[in-house]
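Below is one structure; the comments refer to it alone.
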Amino acid sequence: MTTATTDAARAFKGLTTAGRSDEELQELVRHAGAELELAPAEVIIEWAVATFGERFAITSSMGDAVLSHLASKVAPGIDVLFLDTGYHFAETIGTRDAVEATLPVRMLTITPKQTVAEQDAAHGKDLYLTDPDLCCALRKVQPLESALEPYDAWATGLRRDETPDRVMAPVIGWDESKRKVKVSPLARWTAEDVDRYIAEFNVLVNPLQYDGYPSIGCWPCTRRVAPGEDPRSGRWAGTAKTECGINF
Ligand code: SF4
């Protein structure tokens, strides 16, 4: 265990930092953003754990367990937030259960205010067809914002090579709408880096990844892609929508 890991683990276990002001958080982003731009993913997570203690969590969509694996090495028991939209593939729920059973994490499953049936009754059946932005707002964006309230910072598995919108994603950034520090330890990773990490550490992967779904979201808005196709092209295929709103 490195010194930084020891410090990070100690901070996580013992030091529950009080919530910081927006100004303090933005100051942290200014300093750490430049400093950690070229740092390895583990070091970025170590910084976040040492800086925010228990006011730091990670999110996972359960496409794979790479970020959960990395974070749980640095801070066993770390909070992992999983947004259960009510529209997930069974394989995604199974991956969440397997991650919870095999990694030292505290899995927190976040659900929207309304069930799918309640949403159908309130907004009309299959809102994802008539107004996918509203559907994502109700089932992803709002639940995540509520779930992040106890935290000052959170990490995602976002990578710059995934979409043109993500090319400029900072390693340590300030999310103005959530007023939280957003950490992207894998921002500089490529798909090959992810594959290498999975192979080296035998990391859990959602089985749909091996069945034509390189990017996995809700089943109504995700389709298989052909080999060589843009991995994200299966998300909201046939529409101009490319993001659900939790990242941008
Ligand atoms: S991805 Fe589709 S089903 Fe899931 S919340 Fe967004 S619009 Fe609704």
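Which residue is farthest from Arg20 (Cα to Cα), if the candidates are limited to the range 151-192 and must be out of contact with any Leu (no Cβ under 8 Å at 6 or more places or on another chain) and in a helix (DSSP H, G or I)?
Ranking the candidates gives Glu192 first.
Report, by residue number, each residue of the range 116-163 that is of a type in the set (A, V, I, L, M) and in contact with a Pro (Cβ under 7 Å, 6 or more places away or on another chain). Let's see the steps before the verdict.
So the first thing to find is which residues in the range 116-163 are of a type in the set (A, V, I, L, M), and the list is 116-117, 121-122, 127, 129, 134, 137-138, 141, 144, 147-148, 153, 155, 158.
Residues satisfying the conditions are Leu138, Ala155.
Looking at Thr190, Thr156, Thr130, which one is farther than 24 Å from Thr111 by Cα and out of contact with any Phe, Trp or Tyr (no Cβ under 6 Å at 6 or more places or on another chain)?
Answer to the check: Thr190.
Any idea which residue in the range 152-180 is modelled with the lowest pLDDT, counting only those that are among the hydroxyl-bearing types (Ser, Thr, Tyr) and buried (at least 19 other Cβ atoms within 10 Å of the Cβ)?
Thr163
I'd like to check which helices (runs of 4 or more DSSP H) are fully inside the range 33-131 and have at least 1 residues that are within 15 Å of the ligand (Cβ to nearest atom) and open to solvent by less than 40 Å² (accessible area, probe 1.4 Å).
Answer list for the range 33-131: 90-102, 116-123, 127-130.
Just need a number here: residues in the range 210-227 that are under 19 Å from Arg96 (Cα atoms) and surrounded by 18 or more Cβ atoms within 10 Å (Cβ to Cβ).
Matching residues across the range 210-227 total 7.
Yes or no: Thr115 in contact (Cβ under 8 Å) with a residue 40 or more places away in the chain and more than 24 Å from Asp175 (Cβ to Cβ)? Break it down into steps so the answer makes sense when it comes.
Values: in contact (Cβ under 8 Å) with a residue 40 or more places away in the chain: no; more than 24 Å from Asp175 (Cβ to Cβ): yes.
When the stated conditions are applied, Thr115 does not pass them.
The values are calculated or read from the model by the stated rules, or taken from the named source; none is laboratory data. In this text, all values refer to a predicted model and were calculated from it rather than measured experimentally. Don't worry about glycine lacking a Cβ; one is built from the backbone with ideal geometry, like all the others, and counts go over all protein chains shown. These accessible areas exclude ligands, DNA and RNA; they are computed on the full protein's heavy atoms, side chains included. Shrake-Rupley method; radii C 1.70, N 1.55, O 1.52, S 1.80 Å.
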